[in-house]
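The values are calculated or read from the model by the stated rules, or taken from the named source; none is laboratory data. Being a predicted model, the structure only gives us computed values, none of them experimental. Neighbour counts run over all protein chains shown; Cβ positions are idealised from the backbone, glycine included. Side chains are part of the model used for accessible areas, which takes the heavy atoms of the whole protein and leaves out ligands, DNA and RNA. Shrake-Rupley method; radii C 1.70, N 1.55, O 1.52, S 1.80 Å.
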Amino acid sequence: MQHAELRRRFLDFFAARGHAVVKSSPLLPDDPSVLFTTAGMQQFKPYYTGDADAAKDFGSLNTASVQKCVRTSDIDEVGDESHLTFFEMLGNFSFGDYFKKDAIAWAHEFITKELGLEIEYVTVFGGEPSTGSGQGVPEDTESAAIWREIAPDVQVRKAGRADNFWGPTGDEGPCGPTTEIYVDGIEIWNVVFNQYYQSKDGSLGPLKTQGIDTGMGLERLAKVVQKAETVFETDLFAPMMALLPESIGARTRRIVADHARAVAFMIADGVRPSNKEQGYVLRRLMRRVIVHEHLSSGSFDASQILDAVVIAYQGDYPELDATVVREVFVHEKEKFSRTLKHGLKEMAKLPVIDSAAAFRLYESFGLPYEIIKELGGDSAKDLTRGDFDERFREHQEKSRAGAEKKFGGHGLLLDTGELKAADESELKVVTRLHTATHLLHAALRKVLGDEVQQAGSDITVERTRFDFSFPRKLTDEEITGVQDIVNDIIGKDLPVNKEVMPKAEAEKTGALFFFKEKYPDPVNVYYVGKDLGSAFSKEFCGGPHVTHTGEIGTVRIIKEEAVGAGTRRIRATVQP
């Protein structure tokens, strides 16, 4: 059974049981506490906390999805038989409808009847007594009883909090006990019973809307179904592995294949290589691939590996664009290749590579930690990721302090999750882009209709990225029309005002807002125009904004593309 069939069967199974099929959210999450989307439930957090209405948004209290994910904690381990940075998570979710019995029964039915697999054993939460440093959590006897009723021949084992209690995604959020399903010695499905809310201080309280959150890794499932020795022998990796010669070794082949998938999907979702946040992770992965390509003496072409990723996955993820992926990769490769040879020669001269030496190699030649550790041999045997990261943090703090001194004590590092700026000069640019994004939103609705709704945004000093709901590609005329409307409003130099009012009253004004966002009450309504009633644009927002549209400059739409089914993305810049 190939990977496309596994995705289809999973979604069809739960659609037939009253679940709305929801497309994967982007890898760049709305939650600022995490760098990437790391789990299927991440986009659904507001529905567990009561901040959003699933019945209204999805037509059902139950959903199912195949979510693309990236986790960065295991980058150093990639190259063995199982660790991955990019993976897909099959999940079914319920927000106040069904709970443990149906979730367990359907999981058992899908594994044993739909896929014909045999469950080896399952685990349930065995409880945790209260201690002086934390509150206790009772044993999940209910799940154990359900398993014994549904599948009396399946062994039920108990496990502690580390294994069978799922914590929140990010700093706080829904959490609860889990039951895990094992097939052929592998944990393939984790069913979470969200019944608690964990606050930032670690304390647990009852969850407003208890529900179901499950996660089943597609790669692990494919390994079991296809009876492969490792995930890298499944059809998910076959196109990439076929292009990688055995002469470079199994570990290198796995690293390149894994990183190529992550790189292609990150680029498709708007990440670009940099020395900050998501861009830093992307650069690490790209440069590790480039180094291995260099060391292989040209026995494989990394660009062809990325092309293979796009071809293999584009049917399920149309946002993958081979031209864009290749262009971003080749640009980074050209920049990095200028110093790579010198960096490797310099590293070979060092008798001992401690954290200070490793960071100098990174700062001077761009060599990522993974390559220094991997190729440093005995010279780097005592080098640890923790020590290297500490050096990196010290460097960032010094740079930040220098920026503050440079700007007379008013240096800023702005990161609201949507807006990012390193200092005052960048803050001025992202402020112009932020107001321009509001104008883009309003202009899109004027050209395309009121069905356009915001689906996310991200603003850096280079550009604004705005995601919106719309079922098709925009025509050149529509893109030009949107751009012309925005620049016309800028040319009129209209005032940008703010009113603070109760949330319910603000909604009645027709002001737009992002349904996934949690807004305070009262709320700020920013509007472009002389008064709120006749404003060209009005939205719930926390700012910052320009005072008049003439401050924005000229807006240029540089790209319009698909993010997924029913969602488009616009990238735009502003010029003085």
Q) Which one is surrounded by the fewest Cβ atoms within 10 Å (Cβ to Cβ) among residues in segment 342-361 that are part of a helix (DSSP H, G or I) and touching a residue at least 24 places away in the same chain (Cβ under 8 Å)? A) ALA356
Q) Is it fair to say PRO239 is outside any loop (DSSP other than H, G, I, E, B), open to solvent by less than 10 Å² (accessible area, probe 1.4 Å) and at negative phi? A) no
Q.
So, in segment 299-334, exactly how many residues are touching a strand residue (DSSP E or B) at 6+ places or on another chain (Cβ under 9 Å), open to solvent by 60 Å² or more (accessible area, probe 1.4 Å) and within 15 Å of ILE267 (Cα to Cα)?
A. 1
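So that you can scan it fast, the table gives a plain yes or no per residue for (1) at positive phi; (2) modelled with pLDDT of 95 or more; (3) not in a helix (DSSP H, G or I):
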residue	(1), (2), (3)
PHE110	no, yes, no
LYS113	no, yes, no
GLU139	no, no, yes
GLU149	no, yes, no
ASP153	no, no, yes
TYR182	no, yes, yes
VAL191	no, yes, yes
TYR197	no, no, yes
LYS208	no, no, yes
Q: Hey, can you tell me all the residues within segment 547-576 that are open to solvent by less than 10 Å² (accessible area, probe 1.4 Å) and touching a helix residue (DSSP H, G or I) at 6+ places or on another chain (Cβ under 8 Å)?
A: THR549, ILE552, VAL555, ILE570, ALA572
Q: Within segment 376-391, track down each residue that is without any contact (Cβ under 8 Å) to a residue 40 or more places away in the chain and open to solvent by 20 Å² or more (accessible area, probe 1.4 Å).
A: GLY377, ASP378, SER379, LYS381, ASP382, THR384, GLY386, ASP387, ASP389, GLU390, ARG391
Q. Failed condition for ALA504, given (1) of a type in the set (A, V, I, L, M, F, W, C); (2) part of a strand (DSSP E or B); (3) open to solvent by 20 Å² or more (accessible area, probe 1.4 Å), with all others met?
A. (2)
Q. Could you say whether any residue in segment 488-498 is among the acidic types (Asp, Glu) and closer than 20 Å to ARG571 by Cα?
A. yes
Q.
Every residue in segment 210-236 that is of a type in the set (A, V, I, L, M), assigned to a loop (DSSP other than H, G, I, E, B) and surrounded by 20 or more Cβ atoms within 10 Å (Cβ to Cβ), please.
A. LEU236
Q: Kindly check whether there is at least one residue in segment 488-501 that is assigned to a helix (DSSP H, G or I), open to solvent by less than 40 Å² (accessible area, probe 1.4 Å), on the phi < 0 side of the Ramachandran plot and touching a helix residue (DSSP H, G or I) at 6+ places or on another chain (Cβ under 6 Å).
A: yes
Q) Are any residues in segment 447-486 assigned to a loop (DSSP other than H, G, I, E, B) and not β-branched (Val, Ile, Thr), and if so, which ones? A) GLY449, ASP450, GLU451, GLN453, GLU462, ARG463, PHE470, PRO471, ARG472, LYS473, LEU474
(Q) Looking at segment 57-64, can you tell me whether even one residue there is modelled with pLDDT of 95 or more, open to solvent by less than 40 Å² (accessible area, probe 1.4 Å) and either closer than 22 Å to ALA238 by Cα or not small (Gly, Ala, Ser) (or both)? (A) yes
(Q) Here is a check on your reading of the model: is ILE371 surrounded by 16 or more Cβ atoms within 10 Å (Cβ to Cβ), at pLDDT below 90, touching a helix residue (DSSP H, G or I) at 6+ places or on another chain (Cβ under 6 Å) and part of a helix (DSSP H, G or I)? (A) yes
Q: Hey, can you tell me all the residues within segment 458-475 that are within 20 Å of THR37 (Cβ to Cβ) and either aliphatic (A, V, I, L, M) or without any contact (Cβ under 8 Å) to a residue 40 or more places away in the chain (or both)?
A: ILE459
Q: Say whether the condition of being open to solvent by 30 Å² or more (accessible area, probe 1.4 Å) and of a type in the set (S, T, N, Q) is met by at least one residue in segment 183-192.
A: no
